[in-house]
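A.B. asks: Please see the structure below; I have some questions.
Computed from the coordinates by the stated procedures, all read-outs in this text should not be read as laboratory data. Model, not experiment: these values are computed from the prediction. Cβ placement follows ideal geometry from the backbone for every residue including glycine, while neighbour counts extend to all protein chains displayed.
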Amino acid sequence: MPQLEAITPELDYQSETYKDAYSRINAIVIEGEQEANDNYIQLGQLLPESKEELARLAKMEARHKKGFQACGRNLEVTPDMEFAREFFADLHQNFQKAAAEEKIVTCLLIQALIIESFAIAAYNIYIPVADPFARKITEGVVKDEYSHLNFGEEWLKAHFEESKAELEQANRENLPLVWKMLNKVEADARILAMEKESLIEDFMIAYGEALSNIGFSTREIMRMSAYGITG
Ligand code: PL3
Ligand code: FE2
Ligand code: FE2
């Protein structure tokens, strides 16, 4: 169908433009998986009763990281890890501060709700436009990410009343960082045929559904999930 081809031209995974954008996006994902690994290990120290389960989640994140490193190697791309560490710096700092204050609710919101929803959105949008090797890897990874989101949902649902105020505060402090991060990655993501609008949409769906499962009302979800969005 020639018309369809004109709308979605074949991506050239070997082009310099694609590989240059991939060097940053791939690094972001590798760094995100590494930080997720570290965050679940730290959460295990704050939640001794879930320590083993959290260690299991951390191991999955380490495996995800290896998978995405293989995706970069497969395209002969060197990930720009310095860019990626900078990309996560604010969110990283907020998590570390919350962990030092033993704010479990804030740590869970940052890692299990925000970062996992961000990952779910990004990976689902990436799968149909990925090269065949990366597609296979990402399909396996995204299934795990739903289970990580679910861990946060279940814990926060069981502690909803006493967590509600801290969740709202943590949302106000951290959700604007997501929109900032999205703006920073927008141009590179587009080169990989991932649209910012679709990323926002899928993020909102995953995050909003999580907030709903935890116990927030539709009105509260609307207010919380669009907080600090700029454009
Ligand atoms: C937690 O398990 C994983 C954390 C990873 C966070 C990834 C955020 C990705 C945002 C960049 C959008 C492009 C993604 C491309 C997918 C390979
Ligand atoms: Fe992961
Ligand atoms: Fe995860």
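A.B. asks: Arranged by the count of other C-beta atoms within 10 angstrom, fewest first, what order do LEU54, LEU11 take?
C.D. replies: The fewest-first ordering by Cβ neighbours comes to LEU11, LEU54.
A.B. asks: On to the next question. Please find the FRET efficiency linking LYS164 to GLU186, where r is the Cβ-Cβ separation and R0 is fixed at 41 Å, and quote it to the nearest 0.05.
C.D. replies: 0.80
A.B. asks: With axes computed from alpha carbons, what is the tilt in degrees of helix 16-46 against the longest principal axis of the chain, rounded to the nearest 10 within 0 to 90?
C.D. replies: Compared with the principal axis, the helix lies near 20 degrees.
A.B. asks: Here is a further query. Please state the relative contact order of the stretch 27-67 as a whole percent: Cα pairs under 8 Å, 6+ residues apart?
C.D. replies: Reported as a whole number, the value is 51 percent.
A.B. asks: Grab the other residues whose beta carbon is less than 11 angstrom from that of TYR22, score K and R as +1, D and E as -1, and report the net.
C.D. replies: So the environment of TYR22 carries a net charge of -4.
A.B. asks: Charges at C-beta only: +1 for Lys and Arg, -1 for Asp and Glu. How large is the resulting dipole of the chain about its Cα centre, in Debye rounded to 20?
C.D. replies: Approximately 140 debye in magnitude.
A.B. asks: Ok, one more. Is the chain rounded, prolate or oblate when judged by the Cα gyration tensor, a ≥ b ≥ c being the square roots of its eigenvalues, rounded requiring a/c under 1.5 and prolate requiring a/b larger than b/c?
C.D. replies: Judged from the Cα gyration tensor, the chain comes out prolate (a/c at least 1.5, a/b above b/c).
A.B. asks: Which value, in Å³ per residue, describes the convex hull spanned by the Cα atoms of the stretch 37-170?
C.D. replies: It comes to 107 Å³ per residue, whole-number rounded.
A.B. asks: Working out 0.36 nm times the residue gap between LYS97 and ARG219, then minus their Cα-Cα distance, what length gain in nm do you get to one decimal?
C.D. replies: Length gained, LYS97 through ARG219: 41.0 nm.
A.B. asks: Quick one: helix 116-126 against the long Cα principal axis of the chain, what's the angle to the nearest 10°, folded into 0 to 90?
C.D. replies: 20 degrees
A.B. asks: In debye, nearest 20: dipole of the stretch 179-231 around its Cα centre with unit charges on the Cβ of K, R (+) and D, E (-)?
C.D. replies: 220 debye
A.B. asks: Determine the relative contact order of the chain: mean sequence separation of Cα pairs under 8 Å and six or more apart, normalised by residue count, in whole percent.
C.D. replies: Averaging sequence separation for qualifying contacts and normalising by length gives 23 percent for the chain.
A.B. asks: Simple spin-label model, 7 Å along Cα-to-Cβ: GLU82 to VAL129 in nm?
C.D. replies: The answer from the label model is 2.8 nm.
A.B. asks: A further question on this structure: Between SER198 and ASP12, what is the label-point separation in nm under the 7 Å Cα-to-beta-carbon projection?
C.D. replies: Result for the modelled spin labels: 2.1 nm.
A.B. asks: In addition: How far is helix 132-158 tilted, in degrees, relative to the longest principal axis of the Cα atoms in the chain, given as a value from 0 to 90 rounded to the nearest 10?
C.D. replies: Helix 132-158 sits at roughly 10 degrees to that axis.
A.B. asks: Please report ILE229, ILE30 as a ranked list, fewest other C-beta atoms within 10 angstrom at the top and most at the bottom.
C.D. replies: Going from least to most buried by this count: ILE229, ILE30.
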